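Enquirer: First the structure, which I've put down as structure tokens, then a few questions once you've had a look.
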Amino acid sequence: MNKIPNIKVLNNRINTSEKVLHNALRVIFTLLVLLVIWQATVLLFKLPSFILPEPLSVFERLINRIDILLKHSWITTQEIVLGLLLGLSMGLFFALQMLLFKPVKRWLLPVLIASQAIPVFAIAPILMIWLGYGIASKIVMAAIIIFFPVVTCCYDGLKNTPTGYLDLANTMQATKWQLLRYIQLPASLPTLASGIRVAVVIAPIGAVAGEWVGSSQGLGYLMLQANARMLIDEMFAALFILSTISVALYFVTDKCLNKLIPWQL
Amino acid sequence: MTVIANMLLTTADTKPLYSPAITIEQGAIQYQQDTQPVLSGLNMQMPAQSWTCILGRSGCGKTTLLRYLANLLADKVQWSGELSTSNQIALKGQVAYMAQQDLLMPWLNVLDNVLLSEKFSKKTLRSPSKVQQYEKAIALLTEVGLADKTQELPQNLSGGMRQRVALARTLMQDKPVVLMDEPFSALDAVTRYKLQNLAHRLLKNKTVLLITHAPLEAIRLADQLYILHGKPAFASALSLPKQQTPRELNAESAALQQRVIQRLEQDYE
């Protein structure tokens, strides 16, 4: 009956390649402008290289030391990704407990808020003692720092299931578990997705902070070492790689989430 | 043709749950936290296998009544009075529910939305197989004119199409009683008219309770018409034109509509 093609889909298809090109151009342009400002600042104020190195020397360092940088990047990436997985699963688990058992919520919520009030830097040394200088302590750091936003987003998403959906399922004689499995969990996904987006951005903070406090590898460790030896260009190179990892992780996650959860409530 | 018709008749007869008449005597509903009942002195007859419409202005308690009958208010309200069905089976478990919002799950495609109730039904040896259910769902979607949309997500459909999917989902449940809470009210005039006719045709053998604030809709579709008015609200029956439903609108129905509106108007004074 209704044979008019979906205009939105059609437009999307036509514009996709054009959009990608535009986006890429915009990113490249922004980067170029930043580089020019950077170089101009160095030249204009005659800054010595241990305060602000020239972009070119950073780039040179990046190329020369790429093997070392990549080795440490791999460690940090592992910490971030494993921390994300741990924090997300813990967050989801606790949100479910809070939804299903009212007393758990009453007891757990103050603890959660208190845990959020303690700066993650302050507990880092304790974690080093407990879990050692390897990647375990950094994974836990990243997990702790994302735990709170994930729990709250997930719990809100589960709790705010549209009542109409629940009514409908109730008239279909759904049990409590079926409600959770088929209605509440899928309905919470868009809210949970915002939690995941936030988590992906802040998880690297936890990992790198952990490396600063005590480690023998990772980008944070590399930056500390470079700092001690006044190798500012190496610090910048590490910083550049770290932000590239963070940004890439965010965009990949965002794309995946949009693909997997294309609906809005 | 006649053979098929006979077969249909016999299967309908042997069905354990035929659509019952529902009777309410001296019904009263009060929310737990309220001091005054929302509805009281409620006497209603909903004849078997026909449409009962309840008219009332917004906030008069018609949704409360419907939600109570759908067993959605069990722990929130106090009920007193008689509620009986002619087949002696409790209403709970016999009802399908259609709301003003289509309540399609945005993460399920059209077909899976129609099949939603199967996720919750208890599996017994006699329950139909997955393939049978799938075929039935496709047949129902064809019936409501959406056979080519089975794989679409609800967000890609128009309001009328979505409500037709909701109708197919209700039919898939195949419950003897269908409770409708203004399911047509958010649609434009032509879509609403077509959907009313479609629902009327497809829900022929069900006991339907439709609540609405649109007099015209009630007059078109009702075999039995009640107005809810007063505070606390009670129901009074109105006589309807003799024509078959869905009725064409003519002078008689226009006059009836006028009377209904006057009756409802008294409530505002």
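The values are calculated or read from the model by the stated rules, or taken from the named source; none is laboratory data. All values reported here derive from a predicted model rather than from experimental measurement. Reconstructed Cβ throughout: ideal geometry from the backbone, glycine too, with neighbour counts over all protein chains shown. Surface accessibility is based on the protein's heavy atoms, side chains included, excluding ligands, DNA and RNA. Shrake-Rupley method; radii C 1.70, N 1.55, O 1.52, S 1.80 Å.
Enquirer: Considering region B:27-79 alone, what residues qualify as being in a loop (DSSP other than H, G, I, E, B) and closer than 19 Å to B:Val208 by Cα? Spell out the reasoning first.
Expert: Keep residues of region B:27-79 that are in a loop (DSSP other than H, G, I, E, B), which gives B:32-38, B:47-50, B:56-61, B:70-76.
Scanning region B:27-79 gives B:Pro47, B:Ala48, B:Gln49, B:Ser50, B:Gly56, B:Gly61, B:Ala70, B:Asn71, B:Leu72.
Enquirer: Here's a follow-up. With A:Leu131, A:Leu109, A:Leu62 as the choices, which residue is touching a residue at least 40 places away in the same chain (Cβ under 8 Å) and surrounded by 14 or more Cβ atoms within 10 Å (Cβ to Cβ)? It would help to see each step written out before you state the result.
Expert: Values: A:Leu131 fails: touching a residue at least 40 places away in the same chain (Cβ under 8 Å); A:Leu109 fails: touching a residue at least 40 places away in the same chain (Cβ under 8 Å).
From the options A:Leu131, A:Leu109, A:Leu62, the qualifying one is A:Leu62.
Enquirer: Just name the residue that is farthest from the other protein chains (Cβ to nearest Cβ) out of those in region B:76-113 that are closer than 14 Å to B:Val177 by Cβ and of a type in the set (A, V, I, L, M, F, W, C).
Expert: B:Leu83
Enquirer: Next up: Filter region B:52-66 down to the residues that are among the polar types (S, T, N, Q) and open to solvent by 10 Å² or more (accessible area, probe 1.4 Å), then identify the one that is farthest from the other protein chains (Cβ to nearest Cβ).
Expert: Residues of region B:52-66 among the polar types (S, T, N, Q): B:52, B:58, B:63-64.
Now drop any that are not open to solvent by 10 Å² or more (accessible area, probe 1.4 Å), which leaves B:58, B:63-64.
Details: B:Ser58: 17, B:Thr63: 11, B:Thr64: 13 Å.
Only one residue fits best here, namely B:Ser58.
Enquirer: Of all helices (runs of 4 or more DSSP H) completely enclosed by region A:120-205, which ones contain at least 3 residues that are of a type outside the set (A, V, I, L, M, F, W, C) and away from every other protein chain (no Cβ under 14 Å)? First the steps, then the outcome.
Expert: On the way: elements: A:120-131, A:135-159, A:163-171.
It comes to A:135-159.
Enquirer: While we're here: Taking B:Leu116 as the residue in question, decide whether it is in contact with a helix residue (DSSP H, G or I) (Cβ under 8 Å, 6 or more places away or on another chain), more than 14 Å from chain A (Cβ to nearest Cβ), more than 30 Å from B:Pro37 (Cβ to Cβ) and at pLDDT 90 or above. Let's see the steps before the verdict.
Expert: Working: in contact with a helix residue (DSSP H, G or I) (Cβ under 8 Å, 6 or more places away or on another chain): yes; more than 14 Å from chain A (Cβ to nearest Cβ): no; more than 30 Å from B:Pro37 (Cβ to Cβ): yes; at pLDDT 90 or above: yes.
Taking the combined requirement at face value, the residue does not satisfy it.
Enquirer: Let me ask you something else. Quickly run through region B:156-193 and pick out the residues that are surrounded by fewer than 17 Cβ atoms within 10 Å (Cβ to Cβ) and among the aliphatic types (A, V, I, L, M).
Expert: The answer is B:Ala186, B:Ala189, B:Val190.
Enquirer: Just to verify a result, which residue in region B:143-155, among those that are within 22 Å of the chain's Cα centre (by Cα) and within 9 Å of chain A (Cβ to nearest Cβ), is nearest to B:Val110 (Cα to Cα)?
Expert: Kept after step one, since they are within 22 Å of the chain's Cα centre (by Cα), are these residues of region B:143-155: B:143-146, B:154.
Still in the running and within 9 Å of chain A (Cβ to nearest Cβ): B:145-146, B:154.
Details: B:Gly145: 12, B:Leu146: 9, B:Pro154: 6 Å.
Among residues in region B:143-155 that are within 22 Å of the chain's Cα centre (by Cα) and within 9 Å of chain A (Cβ to nearest Cβ), the one nearest to B:Val110 (Cα to Cα) is B:Pro154.
Enquirer: Of (1) within 14 Å of chain B (Cβ to nearest Cβ); (2) surrounded by fewer than 20 Cβ atoms within 10 Å (Cβ to Cβ), A:Gly214 satisfies all except one. Which?
Expert: (1)
Enquirer: With region B:155-269 as the region, which strands (runs of 3 or more DSSP E) entirely inside it contain at least 2 residues that are touching a Gly at 6+ places or on another chain (Cβ under 7 Å)?
Expert: On the way: elements: B:177-181, B:207-212, B:224-229, B:234-238.
Here the list reads B:224-229.
Enquirer: Within the bounds of region A:227-248, is there any residue that is at pLDDT 90 or above and within 14 Å of chain B (Cβ to nearest Cβ)?
Expert: Scanning region A:227-248, I find no residue that is at pLDDT 90 or above and within 14 Å of chain B (Cβ to nearest Cβ), so the answer is no.
Enquirer: Something else about it: In this structure, is A:Gly83 under 30 Å from A:Arg181 (Cα atoms), open to solvent by less than 30 Å² (accessible area, probe 1.4 Å) and in the same structural domain as A:Val213 (by TED's automatic domain parsing)?
Expert: Details: under 30 Å from A:Arg181 (Cα atoms): yes; open to solvent by less than 30 Å² (accessible area, probe 1.4 Å): yes; in the same structural domain as A:Val213 (by TED's automatic domain parsing): yes.
Against the criterion (under 30 Å from A:Arg181 (Cα atoms), open to solvent by less than 30 Å² (accessible area, probe 1.4 Å) and in the same structural domain as A:Val213 (by TED's automatic domain parsing)), A:Gly83 qualifies.
Enquirer: Are any of the residues in region B:156-165 under 23 Å from B:Ile54 (Cβ atoms), of a type in the set (A, V, I, L, M, F, W, C), away from every other protein chain (no Cβ under 11 Å) and out of contact with any strand residue (DSSP E or B) (no Cβ under 7 Å at 6 or more places or on another chain)? Don't jump to the end; show me each part of the working.
Expert: As a first pass, look at region B:156-165 and keep what is under 23 Å from B:Ile54 (Cβ atoms): B:163.
Cutting the leftovers down to of a type in the set (A, V, I, L, M, F, W, C) gives us none.
No, every residue in region B:156-165 fails to be under 23 Å from B:Ile54 (Cβ atoms), of a type in the set (A, V, I, L, M, F, W, C), away from every other protein chain (no Cβ under 11 Å) and out of contact with any strand residue (DSSP E or B) (no Cβ under 7 Å at 6 or more places or on another chain).
Enquirer: Being open to solvent by less than 30 Å² (accessible area, probe 1.4 Å) and within 21 Å of the chain's Cα centre (by Cα) is the filter here; which residues of region A:223-244 pass it?
Expert: Matches in region A:223-244: A:Met223, A:Ala237, A:Ala238, A:Ile241, A:Leu242.
Enquirer: So for region B:33-51 (the condition being in contact with a Ser or Thr (Cβ under 8 Å, 6 or more places away or on another chain), crowded, with 20+ Cβ neighbours inside 10 Å and within 14 Å of chain A (Cβ to nearest Cβ)), does at least one residue qualify?
Expert: At the first step, the residues of region B:33-51 found to be in contact with a Ser or Thr (Cβ under 8 Å, 6 or more places away or on another chain) are B:38-39, B:44-51.
Narrowing further to those that are crowded, with 20+ Cβ neighbours inside 10 Å: B:38-39, B:44, B:46, B:51.
Pick out the ones that are also within 14 Å of chain A (Cβ to nearest Cβ) and you get none.
For region B:33-51, residues in contact with a Ser or Thr (Cβ under 8 Å, 6 or more places away or on another chain), crowded, with 20+ Cβ neighbours inside 10 Å and within 14 Å of chain A (Cβ to nearest Cβ): absent.
Enquirer: Looking at B:Leu69, B:Leu73, can you tell me which residue is within 11 Å of chain A (Cβ to nearest Cβ), farther than 27 Å from B:Ser158 by Cα and within 14 Å of the chain's Cα centre (by Cα)? Explain how you work it out, then say what you get.
Expert: On the way: B:Leu73 fails: within 14 Å of the chain's Cα centre (by Cα).
Residue meeting the stated conditions: B:Leu69.
Enquirer: Quickly run through region A:254-265 and pick out the residues that are open to solvent by less than 30 Å² (accessible area, probe 1.4 Å) and part of a helix (DSSP H, G or I). Full working, then the answer.
Expert: To start, the set of residues in region A:254-265 that are open to solvent by less than 30 Å² (accessible area, probe 1.4 Å) comprises A:257, A:261, A:263.
Correct list: A:Leu257 only.
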